[in-house]
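Written out below as structure tokens is the structure these notes cover.
The values are calculated or read from the model by the stated rules, or taken from the named source; none is laboratory data. Because the structure is predicted, anything quoted here is derived from the model rather than measured. Virtual Cβ from ideal backbone geometry, glycine too; neighbours counted across all protein chains shown.
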Amino acid sequence: MLKSVIFDFDGVITDSEILHFRAFNQMLAQYGIEITIKNYYKTYLGFNDADCYKLLIHQGLLKIGEQQIGNLVNQKKKIFERLAKTEGRIIEGVRDFLKMLEQNNVPMAICSGSLLTEVEMVLEEARLRHLFEVIVAADHVKKGKPHPEGFLLTLQRLNENREEAIKGNQCIVIEDSHWGLEAAKAAGMHTIAVTNSYDAEQLSMAEKIVARLNELSIDDLQQLCS
């Protein structure tokens, strides 16, 4: 039985992956580094900011010590927030899907590799914050996707005020990347992929793949958890 839907954020609820890419490059420009959009989507998109910088350091592209990563995260956060305030938008079909879940009393949560302030800012401006019972962001975990820590913590927080605990196999995770799908499967949850960032072939591990969330009915979701 379906008991909860857990959303990734960037590329699922908001069309912000390209804004993260631009903010990432603006911040890296001071080090003479530019990541192509093809390489960003292939290599970096699924990671949180700190893990992206660690990877760049290990690749020998970013020549700084890991102790400086926190400063880079803060710099990129400020650039992203400026872009999101003027150019961020909610993806087509999302509002209808969220309304359907609300009407059917399905608890909703977010598990994102973005910072909490970034997620909260976009949701508040879109007037969607009240729909989400739990938000787990990069600030809350030690290991980002594809590790399942974020989804397991989301489930733990969903269960904090419930008499009857929600189980992992009663949750559907909606993701736009294979990193997120891997994490959800490792957490024992059902998966739906939306083709906002990658084509269907690259998301084939998902149990169901859609182009827009409003293609899904409540029966579709219930069947995944039956």
Review point. Do any strands (runs of 3 or more DSSP E) entirely within segment 116-226 hold 1 or more residues that are more than 26 Å from ARG82 (Cα to Cα) and either β-branched (Val, Ile, Thr) or modelled with pLDDT of 95 or more (or both), and if so, which?
Key: 171-175, 190-194, 208-210
Exercise for review: Would you tally the residues in segment 22-43 being assigned to a helix (DSSP H, G or I) and either without any contact (Cβ under 8 Å) to a residue 24 or more places away in the chain or basic (Lys, Arg) (or both)?
Suggested key: 10
Check your understanding: Does LEU83 satisfy being assigned by TED's automatic domain parsing to the domain that holds TYR31 and either at pLDDT below 95 or not basic (Lys, Arg) (or both)?
Key -> yes
Practice item. Count, please, the residues in segment 188-226 that happen to be among the charged types (D, E, K, R) and in contact with a Gly (Cβ under 8 Å, 6 or more places away or on another chain). Key: 2
Review point. Hey, does segment 106-113 have a residue that's part of a loop (DSSP other than H, G, I, E, B), more than 13 Å from the chain's Cα centre (by Cα) and farther than 22 Å from CYS225 by Cβ?
Key: no
Exercise for review: Would you check if GLY46 is surrounded by fewer than 18 Cβ atoms within 10 Å (Cβ to Cβ), small (Gly, Ala, Ser), touching a residue at least 12 places away in the same chain (Cβ under 8 Å) and closer than 22 Å to SER197 by Cβ?
Suggested key: no
Point to revise | Selection within segment 52-85 - surrounded by 18 or more Cβ atoms within 10 Å (Cβ to Cβ) and over 16 Å from VAL119 (Cα atoms) | key: CYS52, TYR53, LEU56, LEU62, ILE69, LEU72
Check your understanding: Among the residues of segment 123-144, is there at least one that is aromatic (Phe, Trp, Tyr), surrounded by fewer than 21 Cβ atoms within 10 Å (Cβ to Cβ) and more than 27 Å from ASP219 (Cβ to Cβ)?
Key -> no
Practice item. Collect the residues in segment 1-21 that are within 22 Å of HIS147 (Cα to Cα), assigned to a loop (DSSP other than H, G, I, E, B) and at pLDDT 95 or above, keeping them in residue-number order. Key: ASP8, PHE9, VAL12, ILE13
Study note, to complete from the structure: When segment 146-191 is checked residue by residue, the ones that are of a type in the set (Val, Ile, Thr) and closer than 15 Å to PHE9 by Cβ are THR154, VAL173, ILE174
Review point. Within the group LEU152, LEU123, LEU158, which residue is of a type outside the set (D, E, K, R) and touching a Pro at 6+ places or on another chain (Cβ under 7 Å)?
Key: LEU158
Review point. Got a sec? Which of GLY46, GLY70, GLY60 is assigned to a loop (DSSP other than H, G, I, E, B), at pLDDT 90 or above and among the small types (Gly, Ala, Ser)?
Key: GLY60
